[in-house]
1. If you scan region 64-74, which residues turn out to be surrounded by fewer than 21 Cβ atoms within 10 Å (Cβ to Cβ) and closer than 22 Å to residue 35 by Cβ?
2. Do we have residue 138 as farther than 25 Å from residue 208 by Cβ, at pLDDT 85 or above and out of contact with any helix residue (DSSP H, G or I) (no Cβ under 6 Å at 6 or more places or on another chain) here?
3. If you check every pair at least six apart or on different chains, which have Cβ atoms under 6 Å apart with a residue in region 154-173 that is over 17 Å from residue 70 (Cβ atoms) first and a residue that is in a helix (DSSP H, G or I) second?
4. Identify, from the list 207, 138, 198, the residue that is under 15 Å from the mean Cα position of the chain (by Cα) and free of Cβ contacts under 8 Å to residues at least 12 places away in the same chain.
5. Restricted to region 18-77, and to residues that are part of a loop (DSSP other than H, G, I, E, B) and without any contact (Cβ under 8 Å) to a residue 12 or more places away in the chain, which residue is nearest to residue 156 (Cα to Cα)?
6. Among 123, 61, which is the only one that is closer than 30 Å to residue 181 by Cα, surrounded by fewer than 16 Cβ atoms within 10 Å (Cβ to Cβ) and in contact with a helix residue (DSSP H, G or I) (Cβ under 6 Å, 6 or more places away or on another chain)?
7. Any residue in region 90-101 that's more than 16 Å from residue 78 (Cβ to Cβ): show its pairings with residues that are modelled with pLDDT under 80 and not in a helix (DSSP H, G or I) at Cβ separation under 6 Å, as long as the two are six or more apart or on different chains.
């Protein structure tokens, strides 16, 4: 089997010009005993903090603050683990890539399950958001295999922007989540509509990007055949 090449990371999100130097600044100041693996584990713990914060919104809307704290901690740990490895020149390309993105998929599922069992949205809509995000994750990895480019952002939206949107949306809807309409005997609230829009948006980007890449690869192969 052909050995996959190291993929070049591409991140052109709104926050990336400010996020990258901040992460490097923090990585240079972390104690030597903290390793990237410690941060990866912390990111998983943070996802469970968000999970319980969302689930407990049923008890009080103020539990959304715990959810937000989990989002911030997850951003800090998940964004900093790879930066720390690069700053210390301790990159483990295959191990780091595999573990980091397996954990990303797991934590996304945990957070979306928390959203689904909260009082904010119907479980099916929370599941749709999780499926949309995981499909985009699959697309990013397939593109990294065929092009050697690991594209982390689409349309200036990256993981940090998604966390910010999630924090704003869940905080708003924890305190103000009005009834919008009834469909097939079920009442749908503002959070249902917002989460559904995110899920559909991710699905559209996934389908459009997949078709575009497939057409591009097909043309590339046919052009190579014509040169033979």
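1. Residues satisfying the conditions are 72, 73.
2. When the stated conditions are applied, residue 138 does not pass them.
3. Hits for this filter: 154/205.
4. Exactly one residue qualifies, and that residue is 138.
5. If we take residues in region 18-77 being part of a loop (DSSP other than H, G, I, E, B) and without any contact (Cβ under 8 Å) to a residue 12 or more places away in the chain, then 29 is nearest to residue 156 (Cα to Cα).
6. Answer to the selection: 123.
7. 93/6
The values are calculated or read from the model by the stated rules, or taken from the named source; none is laboratory data. Worth saying up front: this structure is predicted, and the values here are computed from it rather than measured. FYI the Cβ positions are ideal-geometry reconstructions off the backbone, even for glycines, and counts take in every protein chain you see.
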